[in-house]
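The values are calculated or read from the model by the stated rules, or taken from the named source; none is laboratory data. Keep in mind it's a predicted model, so treat the numbers as computed, not measured. Glycine gets a Cβ as well: all are built from the backbone with ideal geometry, and neighbour counts include every protein chain shown.
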Amino acid sequence: MTIGVALGTAAVGLLAGRVVRAISDRFAPRKGPPYAIEILTAVVFGLVGWKIRLGPLLPAYLYMAGAGVALSLIDLRTRRLPDTLTLPSYAVLLTLVTTGAVISGNGSIVVRLLVGALAAFLLYWGFHRMNTALGAGDVKASGLAGGVLGILGVNAWVLGIGTGLVLAALCAVALLIRGKGSASTLMPYGPFLFAGCLVGVLAA
């Protein structure tokens, strides 16, 4: 069953990858290897399906998988995370999770989503206040990752958010050592944020 779900969600990811490509190209058109985005989205969808399995929360996690890939690509290309994609994702995620909570009869899922999102937002807001290299878009997007991790528990939240921050810090140090940036250089934190989120989900 688990393998079947993984293969099924990977197939859905191939189709969703075309949407992800269209969205990312809308904000920052760029040519790349054929079908690379579709394959990447399929892999992420397959991993999420393998971990979450069939259940009322699977649509929410698949949505976040697609949104995370799209936002990461846009951030890599433009060094920004657009509000027009980030902010509506909160409404979509809350709707999908609430629907899942109603189906499963477990209202605490929504509470964990909100607490995880708020905790991540406050943490990133604090870092943003201390270092302008972390942009406001990163702060706004952090709640999405924190929310889906919060559903899975404190350990998943700490691992996912922590992994994202560590990966970003290592990249920043590497840029400083190579003389390609400074403490205030704006860098794309989105890919690290969502990569850490994926790690947290898979390890939960």
task = Give segment 74-95 a look and list any residue that's surrounded by 20 or more Cβ atoms within 10 Å (Cβ to Cβ) and among the hydrophobic types (A, V, I, L, M, F, W, C), or say none.
result = Ile74, Leu81, Leu93
query = So which residues in segment 120-162 are farther than 14 Å from Gly190 by Cα, aliphatic (A, V, I, L, M) and touching a helix residue (DSSP H, G or I) at 6+ places or on another chain (Cβ under 6 Å), if there are any at all?
reply = Val148, Leu149, Ile151, Ala156, Leu159
ask   = Which is among the charged types (D, E, K, R) and exposed (fewer than 15 other Cβ atoms within 10 Å of the Cβ), of Lys51, Lys31?
value = Lys31
ask   = Taking segment 126-145, which residues are among the aliphatic types (A, V, I, L, M), within 13 Å of the chain's Cα centre (by Cα) and surrounded by fewer than 23 Cβ atoms within 10 Å (Cβ to Cβ)?
value = Val139
message = Among the residues in segment 73-84, are any closer than 17 Å to Val148 by Cβ and either at pLDDT below 95 or outside any helix (DSSP H, G or I) (or both)?
response = yes
request  = Scan segment 128-139 for residues that are free of Cβ contacts under 8 Å to residues at least 24 places away in the same chain and within 22 Å of Ile74 (Cβ to Cβ) and report the count.
outcome  = 3
query = Somewhere in segment 69-78, is a residue among the small types (Gly, Ala, Ser) and closer than 15 Å to Ala6 by Cα?
reply = no
Condition met for Ala36 (without any contact (Cβ under 8 Å) to a residue 24 or more places away in the chain and either within 18 Å of Val201 (Cβ to Cβ) or out of contact with any Ser or Thr (no Cβ under 7 Å at 6 or more places or on another chain) (or both)) = yes
